[in-house]
Amino acid sequence: MAALPALMQTPPDNTHFTRLTGETPETLLQIVADVNVLFRQRTGRNQTLSPRNRILLFMLWLRSYPSYHMLSVIFDVSVSTIKDEMHACIPIFEETYSRLIHWPSLDEWQDLQGGWGKLPFAVGAIDGTSTEIYRPITEPQEQYYSGHRQYHCIHTQVVTSNEGRICYVECGFLGHQNDAQKYMLMRNIGQQLPFPDELFLLGDKIYQNRHPVLTAYTRQQIIRKPRNMQRKCRKLNRLITHYRVKVEHAIGELKKYKVMGTLWKHPRQRLTSVVTICAAFICRRKYLFT
């Protein structure tokens, strides 16, 4: 069994450890307790790495995204062992923590009303983000190419409440699709995802301005309005921009996991699970520290 890496032998100041893994030594031990039963059931007891080290390995990979070869040096195991551990960790972590991302009930949405004082009927926000991928070889590469971002990517849609909690995340949209097209492919908000008729989610101008998404006025729309209405429209736009910072901050937290924020180097079908895991850990921190 490999010796415990130096990362776990941290001094009282755990800033370095947290920057590399996104966790403190104490919260990492809680993760070990959360997933250890499933690991034993599915992979057995006789493993190369100890329970602590395999969890440390996975969290280090999510947050800092070193190569498998670098991880094999850090943990003193073969590259094939690292691959096996990743293959085992992803479904177990997704099964354990995905429940932390949940769409609020109608009553829970109603309780959020008034959280944004100047827009009392806005209870959340929606936005998209992208993860760069290698240019596809066996598939039509233009389907994955974003002309706006100028690289091949997979898109993710994120919905947060006005408290900043991630309540929905969906990954897997093709790079050529914009936010409005991705929104149309999402599960139907209001039917499959219950949402009150009188409340709204704030979105940027690329979304269609129809329930449940409220967007800012475009420049052309403002110009066509009477002068006294133009001031009101611009004020509404400023409020929407101000309150939408919540979802932008949540996406910023997701991007701190470099597995999402840098070039994805692994099979694309795994990315959806990894994005869900990263979002779940953000929700977990909010539950722990609020």
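Within the bounds of region 228-246, is there any residue that is buried (at least 16 other Cβ atoms within 10 Å of the Cβ), closer than 30 Å to Thr21 by Cβ and in contact with a strand residue (DSSP E or B) (Cβ under 9 Å, 6 or more places away or on another chain)? Yes, because at least one residue in region 228-246 is buried (at least 16 other Cβ atoms within 10 Å of the Cβ), closer than 30 Å to Thr21 by Cβ and in contact with a strand residue (DSSP E or B) (Cβ under 9 Å, 6 or more places away or on another chain). Inside region 152-173, can you point out the residues that are open to solvent by 20 Å² or more (accessible area, probe 1.4 Å) and either at pLDDT below 90 or among the β-branched types (Val, Ile, Thr) (or both)? Matches in region 152-173: Val169, Gly172. Among the helices (runs of 4 or more DSSP H) confined to region 234-290, the ones with at least 3 residues that are more than 19 Å from Gln157 (Cβ to Cβ) and over 11 Å from the mean Cα position of the chain (by Cα) are located at 271-289. If you take the residues of region 129-167 that are within 20 Å of the chain's Cα centre (by Cα) and acidic (Asp, Glu), which of them is farthest from Asp204 (Cα to Cα)? Top of the filtered list is Glu132.
Kindly evaluate Val275 against the criterion of being under 25 Å from Gly203 (Cα atoms), free of Cβ contacts under 8 Å to residues at least 24 places away in the same chain and β-branched (Val, Ile, Thr). Let's see the steps before the verdict.
On the way: under 25 Å from Gly203 (Cα atoms): yes; free of Cβ contacts under 8 Å to residues at least 24 places away in the same chain: no; β-branched (Val, Ile, Thr): yes.
Spelling it out, it is not the case that Val275 is under 25 Å from Gly203 (Cα atoms), free of Cβ contacts under 8 Å to residues at least 24 places away in the same chain and β-branched (Val, Ile, Thr).
The residue of region 31-84 that is nearest to Trp264 (Cα to Cα), among those that are assigned to a loop (DSSP other than H, G, I, E, B), small (Gly, Ala, Ser) and open to solvent by 50 Å² or more (accessible area, probe 1.4 Å), is Ser67. On the stretch given as region 188-228, residues that are over 17 Å from Glu170 (Cα atoms), of a type outside the set (A, V, I, L, M, F, W, C) and touching a residue at least 12 places away in the same chain (Cβ under 8 Å) total 12. Residues in region 87-123 that are surrounded by 13 or more Cβ atoms within 10 Å (Cβ to Cβ), part of a helix (DSSP H, G or I) and in contact (Cβ under 8 Å) with a residue 60 or more places away in the chain: Ile90, Pro91, Phe93, Glu94, Thr96, Tyr97, Ser98, Leu100, Trp109, Gln110. For Ile222, the conditions (1) open to solvent by 20 Å² or more (accessible area, probe 1.4 Å); (2) over 24 Å from Gln110 (Cα atoms); (3) part of a helix (DSSP H, G or I); (4) aliphatic (A, V, I, L, M) all hold with the exception of (1).
Here Arg231 passes the criteria (1) within 19 Å of Gly172 (Cα to Cα); (2) in a helix (DSSP H, G or I) except the one numbered (1).
The values are calculated or read from the model by the stated rules, or taken from the named source; none is laboratory data. On a predicted model such as this, the values are computed, not experimentally measured, just so you know. Neighbour counts are summed over all protein chains in view; Cβ atoms, including those assigned to glycine, are modelled from backbone coordinates with ideal geometry. Just the protein is used for accessible areas: all its heavy atoms, side chains included, with ligands, DNA and RNA removed. Shrake-Rupley method; radii C 1.70, N 1.55, O 1.52, S 1.80 Å.
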